[in-house]
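Coordinate-derived values only; no laboratory data. Values in this document were obtained by computation on a predicted structure and should not be read as measured data. We place every Cβ from the backbone using ideal geometry, glycine too, and count neighbours over all the protein chains shown.
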Amino acid sequence: MTKTKPARAVRRKRVFPEIQWSPEKKAQWQAEREAIYQRCKVTFDSLQPELIKTHYNWFIAVEPESGEYFIDRNQLTAAHIAHEKHPNAKLHVFRINETGVCGTI
């Protein structure tokens, strides 16, 4: 008679339990991201009307400190080009369309 293998118990725990963010740290991170978004949005809003005519549905990566922007058809390529020029900068990527986002929720 063959023996069956016991069912393995699935362990449902955090991958890195030592990394726990406090609610204050989460709120701080979200506030930083929102501040970066707002600074990049100013540049995007000024460029959107002229770029929407020639680069519709392309992506634009905006660096908030210098106001530089990088355009490409691929989202990852635009971000990669921006990170090559500004390696430690936090940036935001928009889609060049009426809303600046990809699709709707």
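Any idea what log10 I(q)/I(0) is at q = 0.14, 0.31 Å⁻¹ for the range 41-85, Debye with uniform C-alpha scatterers and no solvent?
Log-scaled intensity ratios, in q order: -0.29, -1.17.
Give me the percent relative contact order of the chain, please, defined on Cα pairs under 8 angstrom at least 6 residues apart.
Relative contact order here is 24 percent.
If the reach is capped at under 23 angstrom between alpha carbons, list the lysines near residue 53, excluding any in the same chain fewer than eight residues apart.
41
Only four residue types carry charge here, +1 at the Cβ of Lys and Arg and -1 at the Cβ of Asp and Glu. Report the dipole size of the chain about the Cα centre in Debye, rounded to the nearest 20.
1260
In the chain, if the dipole is taken from +1 on Lys/Arg beta carbons and -1 on Asp/Glu beta carbons about the Cα centre, which of 96, 75, 19 is farthest to the positive end?
Of the listed residues, the answer is 19.
If one takes the longest principal axis of the Cα atoms in the chain, at what angle in degrees, from 0 to 90 and to the nearest 10, does the Cα axis of helix 23-54 lie?
40
Over all directions, the average projected area of the alpha-carbon convex hull for the chain comes to how many nm²?
Hull-based average projected area comes out at 12.3 nm².
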